[in-house]
Amino acid sequence: MPPAAGDTPIDRERIERLKRDDKRFVWHPFTQMKDWLDDDPLVIERAEGVELIDIEGRRYLDGVSSLWTNVHGHQVPEIDRAVSTQLGKVAHSTLLGLGSAPAIDLARALVAVTPSSVARVFYSDSGSSAVEVALKMAFQFWRQQGAPRGAKTGFACLGDAYHGDTIGSVSVGGIDLFHAIYRPLLFETVRIPAPFCYRCPLGERRADCDMECAGEAERLIDRHRDQLAAVVMEPLVQGAAGMIVHPEGFLSRVAAACRHNEVLLILDEVATGFGRTGKLFACEHEGVEPDLIALAKGLSGGYLPLAATIASDRIFEGFLGSFESRRTLFHGHTYTGNPLACAAALASLELFEQHCVLEHVALLAHDLGCRLDTLAGRPHVGEVRAKGLMAGVELVKDVDTGEPFDAALRVGHRVILEARKRGAILRPLGDVIVIMPALAIGRNQLDRLLDIVEESINAVVETL
Ligand SMILES: Cc1ncc(COP(=O)(O)O)c(C=O)c1O
């Protein structure tokens, strides 16, 4: 989109300097820097609502909500006010040995809205850390039980899982492209085949299968019950795996198997939490109550880095004892429970009711579903998958067999470059085009975003 009249005048020299300095000084995450150095970087200056504005004044629809974080849009008056009011008090004080009013108020508010099984909020600052903390809590919880339960120190996780980039989180991950190189650093896990109907690892077909994936999960949990501390999984949708939407009932069967076998259930709602799938938390769709839940991304409305691991009372109480008993959870980050981030999160949570966010998501999810249906069946569209406002369009070489494109063709990447020309920021997962705008996106804006997705896919597909 060209700059709008009335936008700040363009300072060419500054633009060139920023682009040059970016290439010279910044190492970007999940980015092949050789490509980056050869390209013209897009540098964001500010944002309004669901639009990002670059240093040259061009506006883009934020189609991936600033990496799946943004909920109510950018520059939301209520959240801006909450952060600046808190800034007038204190920007940061530690939670190690001290309380902090925003952290206390937010913990209370979180416990009121999360599943009733979890009740104690442990803060950190990224989704990876929230999962890492959950793993350590589960591990230490069982270790502190003494023999024979003290041997329950292992974890089961889903194939293709993604839980973040710290070593523990990578250990329970399963995306080879990201994780294979680190294998020697990782701990062993029990792998439950991902319930990915489009590419079923058990060779079944959804139309006539008996959800063998759930049966396999039950068998594995049962077989390893004496060694398993917990099962860790994303409920309903495996985001980074390519927006894999699980068949209905899979989560509740895993949860029942965990309960039956005395294995803890850790739900990673880093991506699915805060309204993304149509309920405040995805596990609500199946009435599942985890022992530990990991939250981040949308927790602060997409404003500031904040994460939380919320534990059941049973787990929390397992850590109580005299100091000499060494039951302390020796974990904590410097910026744990940062007051500015907690103030933003509290304001964001309040807006869910005030702005009827979940009702709005229901409307949008319906619109999105209708538009995606029209995409399904187009050339090279292998499958469209969506739950709430979390969607992926998988592009494949051969729609009949599902054969993927040669990765070297970088089809997904080319689609997002086309989208950029048309005024939208997207980020693919391989050849899956992710559509994950802020929940506050308007219906017309969503329509425009989907027009751009469609045109961009067509533009690339025509060249193949
Ligand atoms: C399900 C899930 N868990 C954990 C993470 C890691 O979160 P972070 O990038 O904040 O460390 C992500 C990030 O995309 C995620 O999608």
### Query
All but one of (1) modelled with pLDDT of 95 or more; (2) farther than 25 Å from Ala282 by Cα; (3) surrounded by fewer than 23 Cβ atoms within 10 Å (Cβ to Cβ) hold for Ala107; which doesn't?
(2)
### Query
Limited to the range 45-82, what total is found for residues that are part of a helix (DSSP H, G or I) and either within 16 Å of the ligand (Cβ to nearest atom) or crowded, with 20+ Cβ neighbours inside 10 Å (or both)?
6
### Task
Could you tell me whether any residue of the range 223-236 is closer than 30 Å to Ala147 by Cβ, touching a strand residue (DSSP E or B) at 6+ places or on another chain (Cβ under 7 Å) and assigned to a helix (DSSP H, G or I)?
no
### Query
Quick one: which of Leu340, Leu329, Leu368 is crowded, with 21+ Cβ neighbours inside 10 Å and under 30 Å from Thr94 (Cβ atoms)?
Leu340
### Query
Between residues in the range 166-181 that are within 15 Å of Ile244 (Cβ to Cβ) and residues that are hydroxyl-bearing (Ser, Thr, Tyr) and within 13 Å of the ligand (Cβ to nearest atom), which pairs lie under 9 Å by C-beta distance while being six or more apart or on different chains?
Gly173/Tyr162; Gly174/Tyr162; Ile175/Tyr162
### Task
Name the residue, out of Ala256, Ala343, that is farther than 22 Å from Ile221 by Cβ, of a type outside the set (Ser, Thr, Tyr) and in contact with a helix residue (DSSP H, G or I) (Cβ under 9 Å, 6 or more places away or on another chain).
Ala343
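Looking only at the range 81-115, which residues are of a type in the set (Val, Ile, Thr) and under 26 Å from the mean Cα position of the chain (by Cα)? Let's see the steps before the verdict.
In the first step, residues of the range 81-115 are kept if they are of a type in the set (Val, Ile, Thr); the result is 83, 85, 90, 94, 104, 111, 113-114.
If the condition is that a residue be of a type in the set (Val, Ile, Thr) and under 26 Å from the mean Cα position of the chain (by Cα), then Val83, Ile104, Val111, Val113, Thr114 are the ones that fit.
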### Unique residue being more than 26 Å from Val50 (Cα to Cα), away from the ligand (no atom under 15 Å from the Cβ) and in contact (Cβ under 8 Å) with a residue 40 or more places away in the chain when the list is Pro290, Pro247
Pro247
### Message
Here's a check for you: in the range 358-398, which residue that is assigned to a helix (DSSP H, G or I) and among the charged types (D, E, K, R) is farthest from Ser456 (Cα to Cα)?
### Response
Glu359
### Query
Considering Asp40, Asp35, which residue is assigned to a loop (DSSP other than H, G, I, E, B) and either under 24 Å from the mean Cα position of the chain (by Cα) or not assigned by TED's automatic domain parsing to the domain that holds Leu280 (or both)?
Asp40
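Condition first: touching a helix residue (DSSP H, G or I) at 6+ places or on another chain (Cβ under 6 Å) and either within 23 Å of Ile244 (Cα to Cα) or assigned to a loop (DSSP other than H, G, I, E, B) (or both). Now tell me which residues in the range 447-462 satisfy that.
Applying the first criterion (touching a helix residue (DSSP H, G or I) at 6+ places or on another chain (Cβ under 6 Å)) to the range 447-462 yields 450, 452, 456-457, 459-460.
Answer for the range 447-462, where residues must be touching a helix residue (DSSP H, G or I) at 6+ places or on another chain (Cβ under 6 Å) and either within 23 Å of Ile244 (Cα to Cα) or assigned to a loop (DSSP other than H, G, I, E, B) (or both): Leu450, Ile452, Ser456, Ile457.
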### Message
Could you go through the range 118-139 and let me know if any residue there is β-branched (Val, Ile, Thr), in the same structural domain as Ala230 (by TED's automatic domain parsing), in contact (Cβ under 8 Å) with a residue 40 or more places away in the chain and over 17 Å from Tyr162 (Cα atoms).
### Response
yes
### Long-range neighbours under 8 Å by Cβ, at least six apart or interchain, first residue among the acidic types (Asp, Glu) within the range 80-106, second at pLDDT 95 or above
Asp105/Cys342; Asp105/Leu346
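Tell me, which residue of the range 293-315 that is among the hydrophobic types (A, V, I, L, M, F, W, C) and either part of a strand (DSSP E or B) or away from the ligand (no atom under 16 Å from the Cβ) (or both) is farthest from His246 (Cα to Cα)?
Of everything passing the filter in the range 293-315, Ile315 is farthest from His246 (Cα to Cα).
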### Query
Just for strands (runs of 3 or more DSSP E) wholly inside the range 112-215: which have at least 3 residues that are within 15 Å of the ligand (Cβ to nearest atom) and either surrounded by 14 or more Cβ atoms within 10 Å (Cβ to Cβ) or modelled with pLDDT of 95 or more (or both)?
154-158
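Kindly establish whether Glu284 is assigned to a loop (DSSP other than H, G, I, E, B) and charged (D, E, K, R). Don't jump to the end; show me each part of the working.
Working: assigned to a loop (DSSP other than H, G, I, E, B): no; charged (D, E, K, R): yes.
Taking the combined requirement at face value, the residue does not satisfy it.
The values are calculated or read from the model by the stated rules, or taken from the named source; none is laboratory data. Just so it is clear, the structure is predicted and the values come from calculations on it, not from any experiment. Methodologically, a virtual Cβ is constructed for each residue, glycine included, from the backbone with ideal geometry; neighbour enumeration extends over all protein chains shown.
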